[in-house]
Amino acid sequence: MKSPLLSLPGAVPAEGPDEGVAAHYGDPFREQRALAAGTGFVDLSHRGVVTVTGEDRLGWLHLLLTQHVSELPAGQATEALILSPHGHIEHALYLVDDGTTTWIHVEPGTQGGLLAYLESMKFFYRVETADATDRYAVVHLPAGSIAEVPGGTVVRETAHGRDLFLPREELEAFAAGASHGPPAGTLALEALRIEAHRPRFGLETDHRTIPHELGWLDSAVHLNKGCYRGQETVARVHNLGRPPRRLVFLHLDGSEVSLPGHGAPVRLAKDGPEGRQVGFVGSSARHFELGPIALAVVKRNVPVDEVLLADTVAAGQEVVVEP
């Protein structure tokens, strides 16, 4: 879905998973600084939006998700996952309930698969699910922003900022407002996400990722709730304390011209570029203060003080998930 905000001055279209919105508006570092200072906004209107209504919605979602949501207070944001029977991550959900409807945004293009699964699990529950992507656009305001939010807008507020579920017909008018500051692209938001060690589904995950490997036990999994699909794997690995892989933050060699791309192999630097692969790069970015940085997933037994090679770029690692 192509955003109308790509017509704004300086807008450069994003590629990959963020295709359809702007990567930047002419100066990614300036945009990063603005977001870090609590000004500006990010067009995330390419993300999927799903709604769940009906009086059984929270109790029903509680049975399906890794998070405790049966008594979720109206207006309180949370994160949740849907797992396979073997505990592998299939969907990452960012949600809030407004008292009558649960609003969820997900990675672009994944809403169809999510809805198909939810529909297959309705049974006798009094719930209705809908793809609202064509009617609502997600807009992100950074933490500390004092921007005015249009009345009646559903807001998902976390320590990282506010996600607005804005009617699509209001997107251009919102962008033209003065209270929020200039637009920032996804490159700026991604750099700050990587800095904050926050994984993203589809980038730091593959077909066998389990929540423990990415630190999602802290934000998206409730360890003291009833059964859900994949819960046995979550409990077993948590009790043993030995996930097979772990998320790391990489400080990349700043003398290199290019950044390692998504999926690039990670090896031990002492083994050279032909050595055994011990992981893969999830996301990389150029940060306005830290320089080139990345998130990667490596095998649990990689020593935490080992210098790594991300593709051909030397990298020092910072522990995100303890081995």
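What to note about this one:
- In the condition set (1) open to solvent by 60 Å² or more (accessible area, probe 1.4 Å); (2) among the acidic types (Asp, Glu); (3) under 26 Å from Leu58 (Cα atoms), Asp163 is compliant with all but (1).
- Meets criteria (farther than 12 Å from Thr66 by Cα, modelled with pLDDT of 95 or more and buried (at least 21 other Cβ atoms within 10 Å of the Cβ)) for Leu259: no
- For segment 167-218, filtered to residues that are under 20 Å from Ser284 (Cα atoms) and small (Gly, Ala, Ser), the residue that is farthest from the chain's Cα centre (by Cα) is Ala184.
- If only residues of segment 35-57 that are out of contact with any His (no Cβ under 8 Å at 6 or more places or on another chain) and among the hydroxyl-bearing types (Ser, Thr, Tyr) are counted, the one that is surrounded by the most Cβ atoms within 10 Å (Cβ to Cβ) is Ser45.
- Of the residues screened, Ala130 is not one that is of a type in the set (A, V, I, L, M, F, W, C), under 14 Å from the mean Cα position of the chain (by Cα) and not in a loop (DSSP other than H, G, I, E, B).
- Checking Ala74, Ala130 one by one, the residue that is in contact with a Gly (Cβ under 7 Å, 6 or more places away or on another chain) and over 21 Å from Leu217 (Cβ atoms) is Ala74 and no other.
- Unmet requirement for Pro273, which otherwise passes all of (1) open to solvent by 50 Å² or more (accessible area, probe 1.4 Å); (2) part of a loop (DSSP other than H, G, I, E, B); (3) in contact with a helix residue (DSSP H, G or I) (Cβ under 8 Å, 6 or more places away or on another chain): (3)
- Selection within segment 230-256: residues that are buried (at least 20 other Cβ atoms within 10 Å of the Cβ) and under 19 Å from Gln277 (Cβ atoms). The member of this set that is modelled with the lowest pLDDT is Pro243.
- Candidate set: segment 75-101, residues that are of a type in the set (Gly, Ala, Ser) and under 16 Å from the mean Cα position of the chain (by Cα); chosen: the one surrounded by the most Cβ atoms within 10 Å (Cβ to Cβ): Ala80
- Beta carbons closer than 8 Å, at least 6 apart along the sequence or on distinct chains, pair a first residue in segment 134-156 that is of a type in the set (Ser, Thr, Tyr) with a second that is assigned to a loop (DSSP other than H, G, I, E, B) and surrounded by 22 or more Cβ atoms within 10 Å (Cβ to Cβ) for Ser145/Gly40.
- Restricting segment 191-212 to residues that are surrounded by fewer than 24 Cβ atoms within 10 Å (Cβ to Cβ) and of a type in the set (D, E, K, R), the residue that is nearest to Val234 (Cα to Cα): Arg208
- Selection count where residues are closer than 18 Å to Phe174 by Cα, aliphatic (A, V, I, L, M) and either part of a loop (DSSP other than H, G, I, E, B) or under 20 Å from the mean Cα position of the chain (by Cα) (or both), scope segment 1-19: 2
- The residues in segment 213-229 that are surrounded by 18 or more Cβ atoms within 10 Å (Cβ to Cβ) and touching a helix residue (DSSP H, G or I) at 6+ places or on another chain (Cβ under 8 Å) can be counted, and the count is 5.
- Top-ranked residue of segment 20-34 - restricted to ones that are assigned to a strand (DSSP E or B) and out of contact with any Pro (no Cβ under 7 Å at 6 or more places or on another chain), ranked as least open to solvent (accessible area, probe 1.4 Å): Val21
- Of Tyr125, Tyr117, all but one fail to be touching an Asp or Glu at 6+ places or on another chain (Cβ under 6 Å) and either over 27 Å from Pro28 (Cα atoms) or at pLDDT below 95 (or both); the exception is Tyr125.
- Single condition Gly177 does not satisfy, out of (1) assigned to a loop (DSSP other than H, G, I, E, B); (2) more than 24 Å from Thr66 (Cβ to Cβ); (3) without any contact (Cβ under 8 Å) to a residue 12 or more places away in the chain: (3)
The values are calculated or read from the model by the stated rules, or taken from the named source; none is laboratory data. Since the model is a prediction, treat every value here as computed from it, not as a measurement. Using ideal geometry, Cβ is built from the backbone for each residue, glycine included, and neighbour counts are taken over all protein chains shown. The accessibility values were calculated without ligands, DNA or RNA, using every heavy atom of the protein model including side chains. Shrake-Rupley method; radii C 1.70, N 1.55, O 1.52, S 1.80 Å.
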